[in-house]
Amino acid sequence: MPSHDVLVIGAGLAGQRAALAAAEQGVSVGIVSKVHPVRSHSNAAQGGINAALNPDDTWESHAFDTVKGSDYLGDQDAIEIMAREAPEEILHMEHLGVTFHRNAEGKLGTRAFGGASAARTYYVADITGQAIMHVLYEQLMKYSEQITRYEEWFSSSLAIDENGECCGVVTRNVADGSMELFGAKSVILATGGSGQIWKPTTNALICTGDGIAMAYRVGAKLMDMEMIQYHPTTLAGKGFLITEGARGEGALLLNKNGERFMEKYAPNKMELASRDVVSRAEQTEINEGRGFPDGTVALDITVVPKKRIHEALREIVLVGRDFAGVDITREPIHIKPGNHYTMGGVKTDVEGRTDIPGLYAAGEAACVSVHGGNRLGANSLLDTLIFGKHSGRDAAARALRTDWSKPSGKVLEDEQAMVDDINGREKGSGRRVSEIKLELGQTMDSKVAVFRDEAGITEALETVRRLKEEAKTAYIDDHGSVFNQDLMGAIELGYMLDCAECSCIGALERKESRGAQYRTDYPERNDEEWLKHINLEKTEDGPEISYSEVTITQWQPEARTY
Amino acid sequence: MADYTIKVRRYQPESGEAAYWEEFNVELDPSLSVLDGLLQAKDRDDGSLAVRCSCRAAICGSCGMKINGQSGLGCQTQIGEAQEQANKMAAATGKSAAEASSPVGVEADHSGLHTGHAHTATTTAAVPIVIEPMGNMPVIKDLVTDMESTHWTKIRRVTPWLLPFGEPPEREYIVEPESMVDITQSMACIQCGACVSSCLSMEVDPLFIGPAALAKAYRFVGDPRDAETSERLADLAQDPHGIYDCTHCFSCVDACPKGVAPMDQIMRLRRKAGENGIDDPNSGHSHEMAFVKIIEKKGTLDESMLLQESFAPGVLGKLMPTKRAIKEMIGSLPTAVRGVKAGKMRSLRKLIPGAHHKLPDGAQDEVKAIYKHAEEHNEEFNLYIKGEEGDEEAAVEERLEPASAPGAEEASNG
């Protein structure tokens, strides 16, 4: 049985940062990822990473913007840690080799971003996530003696010992189908969000909520699963992301009459209001007939100087050309709000600890919560690095003071039986896995999206529960061992349905409008009753609801205008 | 919506059978991608069809493959365009890309083409879009290749992490803004392997470090924060499978979905190696300089001068060749003889030093003018600075004197 003091599941930014932080403490680390690490979805973060590094800026200002952006649902102790440690972390990344944009003096330069009161977003053109992740992967290669990489290993279940502590994970070598129980003193889930529950989404096909569901299944609490961000600028139908950096560089949002409609919704911040605000404004324009016939509004990037576009928005030039047939330097591009980010996730404290001893979560899989009801642009990369680092350090510290616990082999037997069951289903025994995924995605995008109400969410929940039943008999075509993506897809469907059920339950439960949760039947924020987190814990009868306090340190809730 | 037939080269390692072709009919909007087509076939017809994919937006680098013989990303190639390309290829050659590109394909076509999933009801006589796994890599299953043994091993070969000068500064490193933009072009690499798949040098020399790893190397060589620039350059220049193994074929530039232009990065490494006076056993730098010098002088390549100029340049080299130069020149003779035998030299007279003609009339002056222009405009071809290729061409056209353009054409024809 391969064993490591610290085992990290997922190798995007949070996972890689956690692995490096743990290794620095002198423990043995394994990092397991279902895709090659550089394929992870952190790649897709285009615009940048926030830090109050400029001498004119303060961490308090960054923290307050984040608190306000979260619609006061973010935990302020966690937000303070993130904002305080951000400058040091950016410098650390710079020292490791990230090719951040420089100003004329050769120092780190910034760009403006949504919901921020200062230009504090550091960036590498519009490939910031990719650039940081590839640099972290360079470090993983450099420290290959301390960190063992398991690239293309698919994890399916956490092992819990008799004391109720997490002690390993069952994982499948994608290349040959062999299944192993990996032992660990600490396990960090860094498996990303669950965007694939929605269709379309900006999220990659791999974002199926694996870690969130695995933690939920062993009894960890999930938090604020109703908080799902719709990004204001995505390509209709395909869901591709156009970075907020475009608006940061000065691009305008226009309706079909050429009106700069954000004047009505956020007269001060205009296009750079919080994402939930901009997405609702766009959807309102579209719903009230001022959008284009394809259900979109226009993003006009032509107002940005061409030289600047090539230097700073290169990726968007390519996205426009390759995926929309539009030269963004010459004409506006049609966009709409699209599913983008899971603010909720596995409930953790500021060190990444979940309710299960030995089990940690970081990044989009986790809910610390620094994003609360709405994440600010360029805070997600920061979240992954800061809390990846905290989780890695604490997981290593725990490993150093903990004895090995031998996981029971039963979990491996159970997983093998689960795989055999899926493999044993005959064609025609039920629906195709792909059909169920499609119905799930369309249902969620129509009922649990920018605007929600009780009837719609209830309908979605009923659909999800029916699909859960149907998934039990859904069949696959591939019964082989080598690179059986069909089988992994069936297992991922299970993760997605667990996450979807929790998102519906949370959305139904929160009878107010806050951040990304906008209930047309409860259109106001209600601090008296709902300034609290919704926690969900797995029971035989589905998720059981409980609540936890929002931590407030220095910023009392106020009305939120931009 | 339109109907397409995609013809996929499949290999199922557990079946015990050789690779074979299978056609799938798919129905999707022409603006959707070849990957969307494959995923539709996988979702509707055969879930065992293996293809790595994740982001669908040309950023994760998973779905490198060959489409109608051209290496690229499945998600970045619109299926409508792929169809047009397949039609053009068929019209030009009378064959489909499968027949043209792969001998295995021809055999499979004659023996056992599986058409089980091709719903023949839609009997369009359309040419299939041909999809194959990437080249220069072992195939694991269908379109999934073993990138570890061919790609990542070579990435690790170039010491792919920053080697800074001692302890980092308290704040950020202060560097020229342009230097960061410069290396951001190679930083834009998503490690998809399309360049490796298309690399002709690697077909001949599988040990060639290759376009992706060398572009990665430039990311450090060009980084002012890296302390080991000359060590890196010496390492890459002296490796017999290093920077001088590239033959300038541009395949990687065509294949790269992100505008990294790996060949350009290799050329930058070569230039920096030359500037750093790195002595390489391949005489790669002096060979390159010989080309530059001969063309400046004569307009076209004088093969008779090439060997001597490469290994013993200038009058001094001619009068007093070093031992190494003599050895290298004698060692190169069989290649020269093979060239003559293979009819690559049309006239034996060309072998006589000095007999090679200059360009007629004022054409040689035009060549010199091009050299002068190039020296005065010593700019990098970098998409992060210049923008689209079209813009670049337009900008060059604007700058060049209208009269000099025909002259340049004549020179290249001559």
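Data overview
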| quantity | calculated |
| --- | --- |
| Spin-label model distance (nm) - residue A:546 vs residue A:105, 7 Å beyond Cα toward Cβ | 5.2 nm |
| Nitroxide proxy distance, nm - points 7 Å out along Cα→Cβ at residue B:204 and residue A:143 | 4.3 nm |
| Computed helical MRE - 222 nm, the protein assembly as shown, DSSP H runs ≥ 4 contributing -39500 (n - 2.57), nearest 500 | -12000 deg cm²/dmol |
| Assigned charges on the beta-carbon of Lys, Arg, Asp, Glu; the stretch A:325-419 dipole about Cα centre (debye) | 220 debye |
| Estimated FRET transfer efficiency (residue A:77, residue A:264; beta-carbon r; R0 25 Å; 0.05) | 0.10 |
| Computed Kirkwood radius, in angstrom, where 1/r is averaged over Cα pairs of the protein assembly as shown | 29.8 Å |
| Other protein chain Cβ atoms within 10 Å, averaged over every residue that makes up B:175-184 | 5 |
| Radius, Kirkwood style, for the stretch A:222-372 when every pair of distinct Cα atoms is counted (Å) | 16.6 Å |
| Dipole of the protein assembly as shown, positive end: most advanced residue of B:164, A:231, A:368 [Cβ charges, Cα centre] | B:164 |
| Per-residue Cβ neighbour rank within 10 angstrom, fewest leading, A:443, A:342 | A:443, A:342 |
| Lys, Arg +1 and Asp, Glu -1 on Cβ, resulting dipole of the stretch A:205-322 about Cα centre, debye, nearest 20 | 200 debye |
| Per-pair calculated FRET efficiency, R0 = 51 Å: residue B:361 and residue A:524 via Cβ, rounded to 0.05 | 0.05 |
| For peptides A:178-187, B:281-290, B:359-368, sequence by mean Cβ density within 10 Å, most packed first | A:178-187, B:281-290, B:359-368 |
| Acute angle (nearest 10 degrees) that the helix A:410-424 long axis makes with the longest principal axis of chain A, alpha-carbon atoms | 70 degrees |
| Folded to 0 to 90 degrees: helix A:13-24 orientation relative to chain A principal axis, Cα | 60 degrees |
| Whole-angstrom gap from the stretch A:146-174 to the stretch A:279-315, using each part's C-alpha centre | 43 Å |
| Distance histogram for the stretch A:380-535 (every C-alpha pair counted, 5 angstrom bins, percent rounded to whole numbers) | 1, 8, 13, 12, 12, 13, 14, 13, 10, 4, 1, 0 |
| Peptide ranges A:430-440, B:72-82 listed from the most packed, as the mean C-beta count within 10 angstrom indicates | B:72-82, A:430-440 |
| Among A:461, A:446, A:495 - extreme Cα towards positive end, dipole of the stretch A:423-538, charges at beta-carbon | A:495 |
| Dipole in debye (nearest 20) - the protein assembly as shown, about Cα centre, beta carbon charges: Lys, Arg +1; Asp, Glu -1 | 2160 debye |
| Counting DSSP beta bridges with both ends in chain A, the antiparallel % (nearest 5) | 65 percent |
| Within 10 Å of each Cβ in B:68-77, the average number of Cβ atoms from other chains | 1 |
| Selected from A:313, B:147, A:81, residue furthest toward positive end of dipole (the protein assembly as shown; charges at beta carbon) | B:147 |
| Efficiency of FRET between residue A:162 and residue B:271 - r from beta-carbon atoms, R0 56 angstrom, step 0.05 | 0.30 |
| Degrees separating the helix A:485-509 axis from the principal Cα axis of chain A, which is the longest one | 60 degrees |
| Order of A:149, A:247, B:225 under a 10 Å beta carbon neighbour criterion, fewest first | A:149, B:225, A:247 |
| Nitroxide proxy distance, nm - points 7 Å out along Cα→Cβ at residue A:306 and residue B:327 | 5.5 nm |
| Protection proxy ranking of A:313-322, B:19-28, A:379-388, B:194-203 - average other beta-carbon atoms within 10 Å, highest first | A:379-388, B:194-203, A:313-322, B:19-28 |
| Radius ratio Rg over Rh of chain A, counting only Cα atoms, Kirkwood formula for Rh | 0.95 |
| Neighbouring partner chain Cβ atoms per residue of B:250-259, average, 10 Å criterion | 1 |
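Taken together, the values in this text are just the output of simple stated rules run on the coordinates, not laboratory data. Given the structure is predicted, the values throughout are model-derived calculations rather than measurements. Neighbour counts run over all protein chains shown; Cβ positions are idealised from the backbone, glycine included.
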